[in-house]
1. For residues that are surrounded by fewer than 17 Cβ atoms within 10 Å (Cβ to Cβ) and at pLDDT below 95, tally how many sit in the stretch 208-225.
2. Could you tell me whether residue 140 is more than 23 Å from residue 66 (Cβ to Cβ) and within 26 Å of the chain's Cα centre (by Cα)?
3. Working only within the stretch 118-130, note down all residues that are polar (S, T, N, Q) and assigned to a strand (DSSP E or B).
4. Can residue 161 be described as of a type outside the set (S, T, N, Q), open to solvent by less than 70 Å² (accessible area, probe 1.4 Å), within 30 Å of residue 74 (Cβ to Cβ) and free of Cβ contacts under 8 Å to residues at least 40 places away in the same chain?
5. Since residue 174 meets every condition but one in (1) under 30 Å from residue 82 (Cα atoms); (2) modelled with pLDDT under 95; (3) exposed (fewer than 14 other Cβ atoms within 10 Å of the Cβ); (4) not acidic (Asp, Glu), which condition does it not meet?
6. For the stretch 118-133, give me each residue that is under 23 Å from the mean Cα position of the chain (by Cα) and surrounded by fewer than 16 Cβ atoms within 10 Å (Cβ to Cβ).
7. When you go through 55, 28, 59 one by one, which is the residue that is out of contact with any strand residue (DSSP E or B) (no Cβ under 6 Å at 6 or more places or on another chain), over 18 Å from residue 192 (Cα atoms) and of a type in the set (Gly, Ala, Ser)?
8. Please note which strands (runs of 3 or more DSSP E) are completely contained in the stretch 1-117 and include at least 1 residues that are free of Cβ contacts under 8 Å to residues at least 60 places away in the same chain, closer than 30 Å to residue 147 by Cβ and open to solvent by less than 60 Å² (accessible area, probe 1.4 Å).
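The values are calculated or read from the model by the stated rules, or taken from the named source; none is laboratory data. Nothing here was measured: the structure is a model prediction, and the numbers come from that model. Quick reminder, even Gly has a Cβ in these numbers, built from the backbone with ideal geometry, and neighbours come from all protein chains shown. Surface areas here come from the heavy atoms of the whole protein model, side chains and all, with no ligands, DNA or RNA. Shrake-Rupley method; radii C 1.70, N 1.55, O 1.52, S 1.80 Å.
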Amino acid sequence: NVSWRVGVDFKPSRDLLLYANVAKGYKAGGFGNINAAINYQFRPAVQESILNYEAGIKAQLADNKVSINGAVFYMDYKNKQLRTKDINPIFGIIDALNNVPKSHIQGAEVEVYVTPVQGLSLGAAATYLKSKIDRYTGINAAGVESDFRGTVIPFTPEWQLGGNARYQFPISDTMKAFVAGQVSYRSETFAAIGGRFSGENLAPNFEIGSYTLVDAQAGITGDNWRVTIWGKNLTNEYYWTNVVAGQDQVVRYAQKPATYGVTVGFDF
């Protein structure tokens, strides 16, 4: 294969950049890293390819106190490698790595960074995704052969939102203090092929629900040292990021609850 990229940039002013790119890329074929019962599960998946279209804007406003980056994109996949299902005569429904002949992801993203006063920085970001399998027939999570046309691609949440703030101020000639916080949101997605189609959940045991996380930090920095007190998942949100079927059970990978700590660092 030959990967390539073509792009055009245009600057109507010193603080504004418009761009458009088209790129072709590949992912090598291979074998699934899965629990297998028969050799059939290890049949090779051929290489996947993607043709990506993207157009966007980068702007600096208010004497560089405001930065805005935005883009829209369309990713056209051929033979996308996805973890799917097969039927085993001994163990029933099993995992396998298969190629989805045609699928696509389209969406948009925007990032805004603001430094209204010295020492204070604010940021926000949003990503919207709309994924769809255009052509694929295989085994669903219930072990039934299905036409997956129109269903979503696994691990493609429709919305990903985030915000952050940081304020740093001097407390002496050689030391500074800071406080910071972040919040992030991810809408529901699915860990198996099938997902939601026309309002129907075709993979109910593999749904990854939406969740919101809040983190915070505070600390003091010197010339070559820093001490930070931090907390992650401050609201103690219970969530998981993956679901895997193994033999006759479904395993959900739950993430850490509210976690706190202190970090001390030195520069030599």
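1. 5
2. On the way: more than 23 Å from residue 66 (Cβ to Cβ): yes; within 26 Å of the chain's Cα centre (by Cα): yes.
Spelling it out, residue 140 is indeed more than 23 Å from residue 66 (Cβ to Cβ) and within 26 Å of the chain's Cα centre (by Cα).
3. So the first thing to find is which residues in the stretch 118-130 are polar (S, T, N, Q), and the list is 118, 121, 127.
Residues satisfying the conditions are 121, 127.
4. Working: of a type outside the set (S, T, N, Q): yes; open to solvent by less than 70 Å² (accessible area, probe 1.4 Å): no; within 30 Å of residue 74 (Cβ to Cβ): yes; free of Cβ contacts under 8 Å to residues at least 40 places away in the same chain: yes.
When the stated conditions are applied, residue 161 does not pass them.
5. Result: residue 174 fails condition (1) only.
6. The first filter runs over the stretch 118-133 and keeps only residues under 23 Å from the mean Cα position of the chain (by Cα), leaving 122-133.
Residues satisfying the conditions are 122, 124, 130.
7. Numbers: 55 fails: out of contact with any strand residue (DSSP E or B) (no Cβ under 6 Å at 6 or more places or on another chain); 59 fails: out of contact with any strand residue (DSSP E or B) (no Cβ under 6 Å at 6 or more places or on another chain).
Step by step, each of 55, 28, 59 is checked, and only 28 is out of contact with any strand residue (DSSP E or B) (no Cβ under 6 Å at 6 or more places or on another chain), over 18 Å from residue 192 (Cα atoms) and of a type in the set (Gly, Ala, Ser).
8. Values: elements: 4-13, 16-27, 48-61, 66-88, 92-114.
Hits in the stretch 1-117: 16-27, 48-61, 66-88, 92-114.
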